[in-house]
Amino acid sequence: MFSPSREQARQFFFDVWRKYRQREMLTAMEDMALEIILLHPEYQRMLETPERYRDKDYLPEMGDINPFLHMSMHVAIKEQLSIDQPPGIRKRFQGLLQKAGDEHVATHQLMECLAEMIWQAQRDQTALDARVYFECLDRQENNA
C-alpha cells in the first residue's frame, strides 16, 4: 500500500492543479484528484501558490480545515467505492445518495464516518474497523 508523506500528498495536489492549468496529460489518479479539486473551488487559489501552503499547519482546535486532508479523503472514498472495499460500502453509499439526492453531500457524509473510524483506531491504537465505519453510516442514513 502506498503511504505518501505529508509533503508528497500535498505536492501531488499542487502538481495536478498545475498540470491541469497548463493543459498537460494527467494520469488516471490525477484525473480523479482533478475531479475533486474542481468540486472545491475554495481550494484552487491555494493550489496556485504552493510556496505559501506547502508547509502550512492546519489546526482543528483553531477551527482550521486541512484542504489536503479533505481532498485526500475524497480520493480514498472514490477508491473505496470503485472496488467496494470494505465490502458493502457501495451499497451504503447508494443509500446515502438516495436520501441526500446529491453525490457531493453523500460523499461528505461518508467522509465523516471514515474520519470517525480513523480517529477511533488512532485513539485506541487498533486496526481500522469496518464495523465502526458501517455503524456510523447506518446512523447517517437513518438521520438523513
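Annotations for the structure displayed:
- Gaussian network model of the chain, Cα within-10 Å springs - most flexible of Leu96, Leu59, Leu81: Leu59
- With K and R counted +1 and D and E -1, the other residues having a Cβ less than 15 Å from that of Met25 yield a net charge of 0.
- With a simple spin-label model that places each label point 7 Å from the Cα along the Cα-to-Cβ direction, the separation between Asp138 and Thr27 comes to 3.8 nm.
- Screening the chain for whole DSSP H helices of 15 Å or more along their axis (Cα) with average Kyte-Doolittle hydropathy at least -0.5 returns 28-39, 67-83, 103-124.
- Accessible surface, per residue, of the chain when the full set of protein chains is kept, probe 1.4 Å, Å²: 64 Å²
- Modelled spin-label separation between Arg131 and Arg52, with each label point placed 7 Å from Cα along the Cα-to-Cβ direction: 4.8 nm.
- Charge context of Tyr58, other residues only, Cβ under 14 angstrom, K/R +1, D/E -1: 0
- Shape call, segment 90-136: gyration tensor on alpha carbons, a/c limit 1.5: prolate
- For Lys78, the lysines whose Cα falls under 22 Å of its own Cα, not counting residues fewer than eight places away in the same chain, are Lys19, Lys91, Lys99.
- Our helix-only sum for the chain, with -39,500 (n - 2.57) per DSSP H run of n ≥ 4 divided by its residues, gives a mean residue ellipticity at 222 nm of -22000 deg cm²/dmol.
- Across the chain, the relative contact order, built from alpha-carbon pairs under 8 Å that are at least six residues apart, equals 17 percent.
- Extension gain, Leu81 back to Met111 (0.36 nm per residue minus Cα-Cα distance, nm): 9.6 nm
- FRET efficiency for Arg90 and Glu61, using Cβ-Cβ distance with R0 set to 35 Å, rounded to 0.05: 0.55
- Distance between modelled label sites at His70 and Gln8, nm, 7 Å Cα→Cβ extension: 2.5 nm
- Protein accessible area in the chain, 1.4 Å probe - carbon and sulfur %: 52 percent
- Under 12 Å, Cβ to Cβ, from Asn143 - net charge with Lys/Arg +1 and Asp/Glu -1: -1
- Test item: Cα-centred dipole of segment 103-144, Lys/Arg +1 and Asp/Glu -1 on Cβ, debye: 100 debye
The values are calculated or read from the model by the stated rules, or taken from the named source; none is laboratory data. Predicted, not measured: the structure shown is a model, and the values here were computed from it. FYI the Cβ positions are ideal-geometry reconstructions off the backbone, even for glycines, and counts take in every protein chain you see. Side chains included, ligands, DNA and RNA excluded: accessible areas come from the protein's heavy atoms. Shrake-Rupley method; radii C 1.70, N 1.55, O 1.52, S 1.80 Å.
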